[in-house]
Every structure is written in C-alpha cells, then in structure tokens.
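Where a number appears in this text, it was derived from the coordinates with a stated rule and is not lab data. Only a predicted model underlies this, so the values are computations on that prediction, with no experimental measurement involved. Note that each Cβ is placed from the backbone with ideal geometry, even for glycine, and that neighbours are counted across all protein chains shown.
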Amino acid sequence: MSPPTKRNGAIVLLAWLCALPVVAREFAPSWPDTLLGRTQALAELQTLNADLLSHPSATLTLERWCSSHHLAAEAKIVAHRVHGADKPLPEGARAQLGIGPDEPVRYRRVQLACGDMVLSDADNWYVPARLTAAMNRQLDSSDMPFGKVVQPLHFRRQTLSADVLWSPLPSGWDSGAALPPPSDKPLIIPAHVLQHRALLVTQDNQPFSLVIESYTANVLRPVHAGP
C-alpha cells in the first residue's frame, strides 16, 4: 500500500474536525497549544485562504467570515484609513497595471476591521482615470472599503501571489514529521498569517488596482457563538 499523500491527510483531518461537537470550540478565548487546537487553527486558515482566492472582493469575503465567526455584534467591515502614509508603486507594478511612466496613481492604506478587531492591513495603488468621478470622490472623502466603492465595475480579482505566512503545524505534519509538544498555554500566533497580492480587473480586462493584503491573527479567533 502506498504511503498517505498530503491530500489524503487533509481529507482525513477535515473529516475528523467535522465530526467534532461544536461545543468543543465554543467560548474558547484562544486556540489551545495542543494537536487538536493546532489542527483546528490550520483548517480555519486553509478555509479562509480558499475563500479569499475564490471570490473577487476581499472585503465581502471578510464580512461573511466576520458573520459566520461571530467576531462582532454587527458583521460589517469598516475601512479605517491610515492617513499620512504613502508608498511608492512596487517594482513592475506599472507594467502589471498597463500604464505608462507618467500615469497618475493614488495610494490608499487601510485597516479592514470588523467591530473592534482589525482583520487586514491593505496597501492599495489604483489608477483614478479608470474609475468614475463619483468613485474617486468616495475614496478621497470616506473610509468606505475600496472593494465596495468599485463594486459597480463588476470587477474580477487576478491573484498574483498568496502566501501563508504562518502554519500551526510543521511542513510534513501529515507524513510523519515531528509535531510540537503540547502546552498548557494558548497557541502563539504572529501578527499576520496570510498575505495576498492581486490585481483588480474590469469586465473589459483592464487592470485598475494593485492590492497587497496582510491578514491578521484576528481572523483565526475561535468561533464564539455567545455574548
């Protein structure tokens, strides 16, 4: 018999997690640093990553995530502008956006939050000439998330990279790699766990925005169904 593959290991893991009673995670303040806690956190991280990769708007995906995970009394994503910050376009971005060296580009840095929890730090470079005047006014004068402002463009998301910055289990965990010993302390999660880089593209295949989104440890808060 051939050794189990990583795919088979993931299937077994998800089947096992689905069989667990919901009460096992309810009201937990954070993930326990145990094999069970780590595997549950890994399943959550993989689920969110897949959701983000399969939907055009990270804002709307986070809003659904906020709702299903009861992260706030009202599942609404708010963009908190980080004023005064500015970053030059990353190398090669003008070619990716299909613009010349003199085309104006605006920069917007926001923290996407659900309630009082920041879920994503987002750097956004966009071409104002490819948006409507009303969209540009909203982006200049409000904290409305970029994805909601440009939603009338019916854009699609072209992922350039999707990096998992942290994993609760080591590489090869499903094929015999040594696992971390359990601890009676909460699982330590770094500030950012995922980073996506993507182009937003109109229905006419015209790119108008480059985004780099760094998702925080708050996206991995255990489901809390109570007050």
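Fewest-first ordering of GLU213, GLU103, GLU91 by other beta carbons within 10 Å of each residue's beta carbon gives GLU91, GLU103, GLU213.
Here the relative contact order of the chain, from alpha carbon pairs under 8 Å that lie six or more residues apart, stands at 29 percent.
Here the label points at LEU89 and LEU169, each 7 Å from Cα along the C-beta direction, are separated by 4.3 nm in the simple model. Going from the fewest other Cβ atoms within 10 Å to the most, the residues ILE188, ILE77 appear in the order ILE188, ILE77. Couplings for region 57-69, taken from phi via the Karplus curve 6.51 cos²θ - 1.76 cosθ + 1.60 with θ = phi - 60°, read 10, 5, 4, 5, 5, 5, 5, 5, 5, 4, 5, 5, 9 Hz in order; Gly and Pro are left as x. Residues HIS70, HIS154, ranked from the fewest to the most other C-beta atoms within 10 Å, line up as HIS154, HIS70. Does anything in region 67-91 have its amide N under 17 Å from the 7 Å Cα→Cβ label point of SER141, and if so which residues? No residue passes the distance filter. What separates the Cα centres of region 158-227 and region 70-148 is a distance of 20 Å. Spin-label model, HIS154/SER54: points 7 Å from Cα along the beta carbon direction are separated by 2.3 nm. Count Lys and Arg as plus one, Asp and Glu as minus one, and take only other residues whose Cβ is under 14 Å from that of VAL149; the net charge is then +4. Restricted to Cα atoms, region 56-152 shows a radius of gyration and a Dmax of 14.5, 46 angstrom. If the Kirkwood radius is taken over C-alpha pairs of the chain, then at 20 °C and 1.002 mPa s the Stokes-Einstein diffusion coefficient equals 111 µm²/s.
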